[in-house]
Amino acid sequence: MQEVINHFEDFSKIPHCSFETEKMREFLVEYARGCGCEVSVDSAGNIHAYKGEPKVCLQSHYDMVCMGEAPKIEVYEEGGYLRAKDSSLGADNGIGCAIMMEAIKRFENIECLFTNDEEVGLIGANGLEHTLKSKRLLNLDHEHDTEVTIGCAGGVDIFVEMESESVDREGEVCEVEVYGFKGGHSGVDILSNPTNAIKTLASFIKRNGGEIVAFYGGERINSIPKHAKAKVIFKQIPKEEEHIRIKPLGRGKERVCNKSAEFLAMLNGFSHGLRSYNLEFGIAQTSINLAIAKLEEGEGRIQLFARSNDEGELRAIEFETLEFFSNFDTKARSGGFYPPWECKESKFSEEVLKLMKTYNPNIRYYAIHAGLECGVIGAKIPGLECCSIGPNIYNPHSTDERCELSSIERISKVVFEIVGMK
């Protein structure tokens, strides 16, 4: 396992935030060629590397959600976990890439597909141009080692724009900040209903009669908002509440948004979070994340991300959300729609499940309430058998992200056994 950890530490030294992956791409191409692979890169930035006569293709994405100090990542071990100091760790999906790097080094018959910009809409998978040698694909982007994933959610982005003007107001000017929330992955963590910082701040401003000078909330479209802050004018300075910090700036005049009330009504009136539940797999079935909200200098912007493991429900929540925002003076549109990966067992998934059970007899099939690239890739390549496994990763897409060391070892062993099978 130490070889995999070493690869991950090397990997973490190279910047690879989504949309800023060029240096990592160069690193992986050079590494694979140095191990004797034929390597090609398509126009979407996906790296295809192979040698010999592979029976299975390993696949991971090489971009990450950068939170906190990232892309500066300082990896350390604590209490049996890998963590990062003041940043997201990037174990999603850097551990998968590290396992693939070691597989390239160990095996003479190997195929690997490193995909680009997964975290910002599965851009690499959707733009895939490579032809795979293998008829089986093992995705390494799952986050629980007690499951073999055979299905995933589809998703759609929704963008709302509002134009406004500024008007003079006099009162108590304050900076208001929401702090101390955990955030998390908008698919994996949304079932536990983490508090949304945008909703918290909008509610506080409305309840205290404030008008917005500027508003900034959220981090990434696929992360549950952890932070939010605003410059607000009140008739009188409100009292602080739990997770809400107020910095008075003195009494004076400010230019506030003339659609401040409408902006707050959208944020407070929209239902963020879980919409339906899948009893068979014990997961969220349909949800929507109110991810980003900004209002400044006459421009308002809201971004949301809807997910569902049922295509009909996904199209319904897309329609309903656009209808909601059409009741306000806004322009709303959707984009980046991709369908769910329908749950389906295969001979390959049965073999992976059987092998995983040698390490844990309680392994089960699973469908995840998140997007997985194997669903998109499988739709592009007829007859491709896909499934997904991965080590235990907790609080991905946040500065609390950690990955269990013993789990990395178990998954690495399974992957190497699968690659080495005759």
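The values are calculated or read from the model by the stated rules, or taken from the named source; none is laboratory data. In this text, all values refer to a predicted model and were calculated from it rather than measured experimentally. Please note: Cβ atoms are built from the backbone with ideal geometry, for glycine as well, and neighbour counts cover all protein chains shown. What goes into the accessible areas is simple: the full protein's heavy atoms, side chains included, and nothing from ligands, DNA or RNA. Shrake-Rupley method; radii C 1.70, N 1.55, O 1.52, S 1.80 Å.
Key figures for this structure:
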{"item": "Accessible area (Å², 1.4 Å probe, nearest 10) - ASP141", "result": "10"}
{"item": "Solvent-accessible ranking of HIS48, HIS272, HIS144, largest area first, probe 1.4 Å", "result": "HIS144, HIS272, HIS48"}
{"item": "Computed FRET value (nearest 0.05) for ARG207 with TYR359, which takes r as the C-beta separation and R₀ as 41 Å", "result": "0.20"}
{"item": "Neighbour cut-off at most 14 other Cβ (10 Å), DSSP loop, trypsin sites (Lys or Arg not before Pro), segment 278-337", "result": "none"}
{"item": "Carbon/sulfur fraction of accessible area - the chain, other protein chains in place, 1.4 Å, %", "result": "45"}
{"item": "Relative contact order computed over the chain (Cα-Cα under 8 Å; 6+ residues apart), in percent", "result": "24"}
{"item": "Free-standing Cys residues across the chain, given no other cysteine C-beta under 4.7 angstrom", "result": "CYS35, CYS37, CYS57, CYS97, CYS112, CYS152, CYS174, CYS257, CYS343, CYS387, CYS403"}
{"item": "Listed candidates (i) 42, 22, 19; (ii) 35, 28, 21; (iii) 51, 42, 21 - label of the one calculated as semi-axes √(5λ) of the Cα gyration tensor in Å", "result": "(i)"}
{"item": "Using alpha carbons only: equivalent-ellipsoid semi-axes of segment 217-284, gyration tensor based, whole Å", "result": "34, 15, 11"}
{"item": "Computed lengthening from CYS343 to ASP42, 0.36 nm per intervening residue step minus Cα-Cα distance", "result": "105.5 nm"}
{"item": "Mean-position separation - Cα centroids, segment 1-67 and segment 264-295, in angstrom", "result": "33"}
{"item": "Förster radius 60 Å - calculated FRET efficiency between GLU30 and TYR277, Cβ distance, rounded to 0.05", "result": "0.85"}
{"item": "Lys, Arg +1 and Asp, Glu -1 on Cβ, resulting dipole of the chain about Cα centre, debye, nearest 20", "result": "400"}
{"item": "0 to 90° range, to nearest 10: angle between helix 311-326 axis and the chain longest Cα axis", "result": "20"}
{"item": "Shape parameters for segment 55-201, alpha-carbon atoms, Rg then Dmax in Å", "result": "20.5, 73"}
{"item": "Proportion of all alpha-carbon pairs of segment 1-54 beyond 18 Å (%)", "result": "41"}
{"item": "Trypsin sites (Lys or Arg not before Pro) within segment 1-104, DSSP loop, no more than 16 other Cβ atoms inside 10 Å", "result": "LYS13, LYS72, LYS85"}
{"item": "Residue-normalised accessible area of the chain, expressed per residue, 1.4 Å probe, Å²", "result": "42"}
{"item": "GNM top mover of SER186, SER12, SER203 - the chain, alpha-carbon springs below 10 Å", "result": "SER203"}
{"item": "Residue of GLY210, GLY298, GLY94 that the Gaussian network model of the chain assigns the largest fluctuation, springs spanning Cα pairs under 10 Å", "result": "GLY298"}
